[in-house]
1. Given Cα pairs under 8 Å that are at least 6 residues apart, what percent is the relative contact order of the chain?
2. Using the Karplus curve 6.51 cos²θ - 1.76 cosθ + 1.60 with θ = phi - 60°, work out ³J(HN,Hα) for each residue of the stretch 126-136 in order, rounded to whole Hz, and write x for Gly and Pro.
3. Arranged from highest to lowest average of other beta-carbon atoms within 10 Å per residue, in what order do the peptides 76-87, 96-107 appear?
4. Taking the Cα of Arg47, stepping 7 Å toward and past its beta carbon, and measuring to each backbone N in the stretch 87-117: which are under 11 Å?
5. For the residue pair Ala12 and Thr71, what label-to-label distance in nm results when each label sits 7 Å from Cα along the Cα-to-beta-carbon direction?
6. What residues qualify as long-range amide H neighbours of Trp33, i.e. H under 5 Å apart, gap of 5 or more or another chain, H built at 1.01 Å from N?
7. How would you order 111-120, 125-134 from highest to lowest mean count of nearby Cβ atoms within 10 Å?
Amino acid sequence: MPKKVRIRSAIAGSTAVDRAAISVADDTGSAPWEPPSNAGDGILLQRNEHIHIFAKLNDGLSNPDPATYYTIQLWWYSPISSQWHQGESFTINADDVTTVEVLGFDRLYIEVTTVSYDPVFDIPSLSLWVGLVVPV
């Protein structure tokens, strides 16, 4: 990997809201998304080797509830098999950053599989952004 890189958004937009890959504010809390089904689903990765996934979790509390989390499943599309393949799964319980090796995959699809929170409070909001790591 080169010594210098820059990060640019995988989704065009003039504001952070426009560039979000996922933005969940109100939902039922039970698997809000389904796995990808079409070759054009998800985000085009433009032959990058690595990506960053930036997360913002807001549970409405000043001290976040440790029981609040989202489980995210990544899916990768390959033109070799012409299908989606299940990839990494990870948990978001704060304002997290995850670095993922793309290594030749064409497209990324992000599926929310689990939302856990105290039902006394509203469902926590989640925003995710995908940053392409570009060598300079």
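1. That works out to 44 percent.
2. 9, 10, 10, 10, 10, x, 7, 8, 10, x, 10
3. On the way: 76-87: 13.3, 96-107: 14.9.
Those peptides, ordered most packed to least, come out 96-107, 76-87.
4. Taking a point 7 Å out along Cα→Cβ of Arg47, no residue of the stretch 87-117 has its backbone N under 11 Å.
5. Distance between label points: 3.7 nm.
6. Here Val112 satisfy the definition.
7. In decreasing order of mean packing, 111-120, 125-134 become 125-134, 111-120.
Computed from the coordinates by the stated procedures, all read-outs in this text should not be read as laboratory data. None of the values given here were measured: they were computed from a predicted structure. Heads up, the Cβs are rebuilt from the backbone with ideal geometry, glycines too, and the neighbour counts pull from every protein chain shown.
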